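**Q** Encoded as structure tokens, here's the structure I'll be asking about.
The values are calculated or read from the model by the stated rules, or taken from the named source; none is laboratory data. Just so you know, these numbers come straight off a predicted model, no measurement behind them. Positions of Cβ are generated from backbone atoms using ideal geometry, with glycine treated the same way; all protein chains shown enter the neighbour counts.
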Amino acid sequence: MFKEKIIKICLVALFFASPIQADRVKDLVDIGGVRSNQLIGYGIVAGLAGTGDGKDLPWTGQSMKSLLSRLGASVDGPVSDYDLGESLRALAGQNANKDIKVENLAAVMVTADLPPFAKPGQRFDVNVSTMGKASSLRGGTLIMTEMRGIDGEIYGLAQGPLTVTGISADAAGTSVEIGVATAGRIPNGAIVERAVETPFTSSDHLVLNVRDADFSTTNAIAGAVNNEFGAGTAVAVDGVSVAIRAPDQQSARVAFMSAVQDLEVEPGQPAARVIVNARTGTAVINRSVKLSAAAVSHGTISVKIDTFNQVTQAQPFAPAGDQVVQNAEVAVEEQEGDMFVFEESVELQDIVDAINAVGGTPSSLIAILEALKRSGSLKAELIVI
């Protein structure tokens, strides 16, 4: 009974799903050109309680010097050479070349996704991760960091206190670590400085890209749009894209796309697939999977090896002493396996019921599905992850 429950847990959502249901267009497609843009930046986190990079990473100290120099503080030598003797000038030069201890600072990489249609002044979240030997970012504050796009332009500025969920502590050779303390997040920690242009307001046609490529789905979307707004409004370009002729006026275009996204269509049924995770023993089968006639017999073979040592006592006046002799016993056991037959065009429920009837486990299900695929009886794409 327990084994049967394990298999059915993976597939229960598929058993009770309705055969066909209408979905909104907005749940099936993305609008071409309307997407987020990835940003990246290099910055410094200050205010750490001795968990920073230390003096082992030179660029952390260099970054601090550069930052202080931009703020008007001199860190490379004396303010001026006025009235300084030769010895004082030499001493200042030596101090400037020394490594700076930055236990309270950490060099970090800052990443973010700039949402579509984001306008200057709006805020977005950023992720912060250590680059060097900092052991924790807890309690730190990100100093103002430029967020750049792939074109090298600045699209935002990030700054603020970090939210770190992990914690790490060690003392006297014992350490405790919960979560990841070297990465954090700043909700609404960046401000948009430049908007990214999109073709939504200027293109003649708007393109809807289906998330799961299917000719039936694109054809259904084009048909629904034409039925609602007139023939010739939408054209299915291929199994992914649908081109829609949109109004020229921007406000009318927004209202038009709002109405298109709320249309309901019946997407095409997905292709028959079996997803197998051999590491965790998980198998996911969609309802389109079917089998041709096949007979299956599944059993297991176990090998048991027992090792024991014996001591052989030496004969009197023998040159060698007692000797240890190693012996081993090997036993091979094969469990009886039941055979079951799949009829032509058997469906998903029949597959699971047949395997459960012989006491199959999730690993048994995976092995049987792989063998059925090799034999040609499984009419589905078998994907092993």
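**Q** Out of the residues in segment 267-287 that are part of a loop (DSSP other than H, G, I, E, B) and surrounded by 15 or more Cβ atoms within 10 Å (Cβ to Cβ), which is modelled with the highest pLDDT? Outline the logic, then answer.
**A** Here is the first cut: in segment 267-287, the ones part of a loop (DSSP other than H, G, I, E, B) are 267-272, 278-281, 286-287.
With surrounded by 15 or more Cβ atoms within 10 Å (Cβ to Cβ) added as a condition, the list becomes 267-268, 272, 281, 286-287.
Working: Pro267: 88, Gly268: 85, Ala272: 84, Gly281: 69, Asn286: 79, Arg287: 75.
Of everything passing the filter in segment 267-287, Pro267 is modelled with the highest pLDDT.
**Q** Okay, next question. Regarding Ile191, is this residue hydrophobic (A, V, I, L, M, F, W, C) and more than 28 Å from the chain's Cα centre (by Cα)? Before the answer, list the steps.
**A** Details: hydrophobic (A, V, I, L, M, F, W, C): yes; more than 28 Å from the chain's Cα centre (by Cα): no.
When the stated conditions are applied, Ile191 does not pass them.
**Q** Output yes when any residue across segment 9-19 is at pLDDT 75 or above and surrounded by 14 or more Cβ atoms within 10 Å (Cβ to Cβ), and no when none is. Spell out the reasoning first.
**A** First pass over segment 9-19, keeping only residues at pLDDT 75 or above: none.
Scanning segment 9-19, I find no residue that is at pLDDT 75 or above and surrounded by 14 or more Cβ atoms within 10 Å (Cβ to Cβ), so the answer is no.
**Q** Check whether at least one residue in segment 263-275 is closer than 21 Å to Ser216 by Cα and over 33 Å from the mean Cα position of the chain (by Cα), and report yes or no.
**A** Within segment 263-275, none of the residues are closer than 21 Å to Ser216 by Cα and over 33 Å from the mean Cα position of the chain (by Cα).
**Q** I want to confirm something. Restricting to segment 57-72 and keeping residues that are in a loop (DSSP other than H, G, I, E, B) and exposed (fewer than 11 other Cβ atoms within 10 Å of the Cβ), which single residue is modelled with the highest pLDDT? Reasoning before the result, please.
**A** Keep residues of segment 57-72 that are in a loop (DSSP other than H, G, I, E, B), which gives 57, 71-72.
With exposed (fewer than 11 other Cβ atoms within 10 Å of the Cβ) added as a condition, the list becomes 71-72.
On the way: Leu71: 79, Gly72: 75.
Within segment 57-72, the match that is modelled with the highest pLDDT is Leu71.
**Q** Find the residue count for segment 255-266, including only residues that are part of a helix (DSSP H, G or I), of a type in the set (A, V, I, L, M) and surrounded by 18 or more Cβ atoms within 10 Å (Cβ to Cβ). Full working, then the answer.
**A** Within segment 255-266, the first condition is being part of a helix (DSSP H, G or I), and the residues that meet it are 255-261.
Applying the additional criterion that residues be of a type in the set (A, V, I, L, M) yields 255, 257, 259-260.
Then keep just the ones that are surrounded by 18 or more Cβ atoms within 10 Å (Cβ to Cβ); that gives 257, 260.
Summing the residues that are part of a helix (DSSP H, G or I), of a type in the set (A, V, I, L, M) and surrounded by 18 or more Cβ atoms within 10 Å (Cβ to Cβ) in segment 255-266 gives 2.
**Q** Let me ask something else. Being within 21 Å of Asn219 (Cβ to Cβ) and touching a strand residue (DSSP E or B) at 6+ places or on another chain (Cβ under 9 Å): is that true of Val260 here? Full working, then the answer.
**A** Values: within 21 Å of Asn219 (Cβ to Cβ): yes; touching a strand residue (DSSP E or B) at 6+ places or on another chain (Cβ under 9 Å): yes.
Yes, satisfied.
**Q** For segment 237-255, what are the residues that are touching a residue at least 12 places away in the same chain (Cβ under 8 Å) and under 17 Å from Val29 (Cβ atoms)? Before you say what the answer is, go through the steps one by one.
**A** Here is the first cut: in segment 237-255, the residues touching a residue at least 12 places away in the same chain (Cβ under 8 Å) are 237-246, 250, 253.
Answer for segment 237-255, where residues must be touching a residue at least 12 places away in the same chain (Cβ under 8 Å) and under 17 Å from Val29 (Cβ atoms): Val237, Asp238, Gly239, Val240, Ser241, Val242, Ala243, Ile244, Arg245, Ala246, Arg253.
**Q** Going residue by residue through segment 115-129, is there one that turns out to be under 22 Å from Asp53 (Cβ atoms) and surrounded by 18 or more Cβ atoms within 10 Å (Cβ to Cβ)?
**A** Yes, segment 115-129 contains a residue that is under 22 Å from Asp53 (Cβ atoms) and surrounded by 18 or more Cβ atoms within 10 Å (Cβ to Cβ).
**Q** Looking only at residues in segment 196-206 that are more than 27 Å from the chain's Cα centre (by Cα) and not aromatic (Phe, Trp, Tyr), which one is surrounded by the most Cβ atoms within 10 Å (Cβ to Cβ)?
**A** Within segment 196-206, the first condition is being more than 27 Å from the chain's Cα centre (by Cα), and the residues that meet it are 197, 199-206.
Those still in the list that are not aromatic (Phe, Trp, Tyr) too: 197, 199, 201-206.
On the way: Glu197: 9, Pro199: 14, Thr201: 12, Ser202: 10, Ser203: 14, Asp204: 9, His205: 14, Leu206: 21.
It comes out as Leu206.
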